[in-house]
Each structure stands twice: as structure tokens, then as C-alpha cells.
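The values are calculated or read from the model by the stated rules, or taken from the named source; none is laboratory data. Predicted model only: the values in this text are computed from it and were never measured. Here the Cβ positions follow ideal geometry from the backbone for every residue, glycine too, while neighbour counts run over all protein chains shown.
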Amino acid sequence: MDTQCALADLWRATLGLSSVGIRNSFFELGGDSLLAVRLFARIEQRFGRSLPLATLFARPTIADLAGALDAESAECTSSVMPLQPRGDQPPLFCVHGIGGDLLFLQSLLEHLPRDRPVYGFQAHGLAGDAEPDTCIDAMARRYVRDLLAVSPHGPYHLAGYSSGGVIALEMATQLRESGYDVPVVMIIDNVAPGARRRRPLWSPVALARIAMNLPRWLADDLLRTPPKRSALRAWGRARSLVRRVGNRFVRRDAGRTLDAEALFGVSDMPQRRRRFYPVQYEALRAHRPRPYDGRVVVFRARTRPLWRTGEPDLGWRPIVRGPMQVINVRGTHATILTGSRGRALAGHITRILADVKPAR
């Protein structure tokens, strides 16, 4: 059986389709990031090769992917993945979220201008036998090194979704310390590490925010989240809370206990993928961003978690000493990059990049 036929079998099994064409795009056939994880796990099991998920950006069809598998090329060790490499504008560099891969950008990329190259950083340790980086500083150093290899001179426009916003800010700090130009860092819906609640949950302001958020949470989050994923997430949070409360009197670090697989709804993912979540989560909990005096734009999902509406600046104002803008965008943390909401977010990003003034 040749590579294309084997891949067709894997695609049919993963997508639940009776037939697929070798020129059909994985995404056009209904594929998403979770299905891509399962597909690539099956590919590794069948072919004995581990490919980055971002390969699907450049090779979204069976014919294209078969070419990648048949190629006798050395394994790529760089964390930088070209997502849309064409164009003559300064590139946009995007950092992965807590899952470590870049497929969440697929919908957003469709709405970004074609004259601006876009590159992404995929986490070390998702492919092969490499271990994940265990601290944000180390991740940022690795990504800065790979960034400079791709684009030695800048300027560097950085964006990070979720936990990627923290990594992007640390990258910007390291780049600026070395004298490089970082015109803007865009943090897409991430609460600053170490940010504390500025007022108790029962305060009038906090209760008013919860009441205002409740209709949006019901419409955008609870009713749109698949029941299995909601149950996994609720069960994970409950187990984590019980463990933290029950062990609080036993040891001081008990509050750090985390059932990451249930909390993030990844219990049915391959082991290599599941191991990344708790490592990155603990790295985020331990990280404390340094004061930053450059420009930062924070995109805040308008629909917040039910009991964690957060502050309007998501806790970044004490850290960002330079110009900072907060833009509220429609959707939840999980949906602001998709569909019409992704189109709106792409419009904001495009306008921000167009307004960037070149360094003198």
C-alpha cells in the first residue's frame, strides 16, 4: 500500500467519512485541531514518523502530506513554522497556546492580509522524544534564537494566544534587552501570571460583573460547548479544588496540584500530547513577568468564565509600564479566533500592524 492510500485510510477513520480525495483539504473536510492531533498520532503509529501539526498549514491535502512523509529530509529542529511566508511587509510572529501547537491559528490566518508573512512558534517536545521546556524563560530563549535565525534584523511584531501571550512578552523583553526593535506585543486573552483579585468575589463591583457576564456566558459558553467537554472540564476543576482543599493542611505546596488532563479536556489525546499541558501550566504558574516599557495590546474576550470575570486589563497594567491598549472582542476564550469573531480579531490585528511606525 503506497503512502497516499495509507493516508486516505487514516483520514477516513479520523474524519468519519466513507471517501476522501487526495486533493481535498483536511480543514474543508471538517477537520479541526483536535482531529488533527488524532490524525497525526495515527500517522506516527503507521509510518513511525512524527511531524509537527503545523505541517497541515502548508500541506493540507493527502497528496501534499504524502510528499512530506516520503521526503528523505532531516528532521526540522527549529520551533519556527512558516504559516503564510509570502509578502513584503514585516512578519507577524505568533506564539502557541497551552497546547503547544499552532492549528488554532488556521481560521485567523484566512482573514489576515496576504502581503504580510506570518510565522508561528510550535512548542519543543511535541514531536519526537524531546522533553518540553519547563520554564517560560527557557521557552522564550529558544524561540528568540530560532526567530533570529529566520529574521536576523527585525522589526519583530509578536502575538501570543492564551499562555502564548506570556511567552511573547518574555521574548519581547529579551529581544529589547539585546537592542532589537519590538514595535508591539499583542496578548490574546490571557490573564497575567500572578495577577491577584483586586476585590473580593462578594464585593458589589465583582457581583455586578458576574451578573452582566451571565447572559453572555450562558449563550456563548455553556450552550455552545459540547456536553462531554463541559463535563470533563467541570470534573477536572472539582477534583482539583477538592485536592487543594483537602491537602491544604498537609503540605504547603498542595495548592499546586492539578488534574491537567481533566481540567483541559484532553484525556482522550495521545500521551505525548497530554504530558505537555501540566508542564506548561506549572511553568506559567511559576513565571513572574518583568516590568515591560514597550507597547502592548491586550485582546480580552468579552464573554468571561462564570466566576472569573477578571479585571478589565486582565492584570497586565501593573506589569506594562509603556503604552497599553485593551480591546474587548466578541466571544469566549475558545471562540475568539474562529468564524466571524476570528475575522473581527484579524481586522483589529491588521489595523494595529498598519499603524506601527518604523523605528528611527
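Tallying residues that are at pLDDT 90 or above, more than 21 Å from the chain's Cα centre (by Cα) and of a type in the set (A, V, I, L, M) within the range 321-360 yields 2. Being out of contact with any helix residue (DSSP H, G or I) (no Cβ under 6 Å at 6 or more places or on another chain), assigned to a helix (DSSP H, G or I) and in contact (Cβ under 8 Å) with a residue 12 or more places away in the chain is the filter here; which residues of the range 122-143 pass it? Hits for the range 122-143 are ASP137, ARG141, ARG142. Residues of the range 158-196 that are touching a residue at least 24 places away in the same chain (Cβ under 8 Å), over 15 Å from the mean Cα position of the chain (by Cα) and on the phi > 0 side of the Ramachandran plot: GLY194 alone. Applying the condition of being among the aromatic types (Phe, Trp, Tyr) and in a helix (DSSP H, G or I) to the range 3-57 and asking which residue is farthest from SER107 (Cα to Cα) yields PHE47. Only one entry of TYR292, TYR277, TYR281 meets the criterion of being of a type in the set (Ser, Thr, Tyr) and modelled with pLDDT of 85 or more, and that entry is TYR292.
Restricting ALA192, ALA149, ALA123, ALA172 to residues that are within 30 Å of LEU35 (Cβ to Cβ) and not polar (S, T, N, Q) narrows the list to ALA123.
Yes or no, residue by residue, for (1) assigned by TED's automatic domain parsing to the domain that holds LEU29; (2) crowded, with 21+ Cβ neighbours inside 10 Å; (3) touching a Pro at 6+ places or on another chain (Cβ under 8 Å):
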position: GLN89; (1), (2), (3): no, no, yes
position: PHE93; (1), (2), (3): no, yes, no
position: GLU110; (1), (2), (3): no, no, no
position: PHE121; (1), (2), (3): no, yes, no
position: GLU131; (1), (2), (3): no, no, no
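Taking the conditions exactly as written (outside the structural domain of TYR277 (by TED's automatic domain parsing), crowded, with 18+ Cβ neighbours inside 10 Å, at pLDDT below 95 and more than 30 Å from PRO291 (Cα to Cα)), does TRP202 satisfy them or not? Considered against the rule, which asks whether it is outside the structural domain of TYR277 (by TED's automatic domain parsing), crowded, with 18+ Cβ neighbours inside 10 Å, at pLDDT below 95 and more than 30 Å from PRO291 (Cα to Cα), TRP202 comes out as no.
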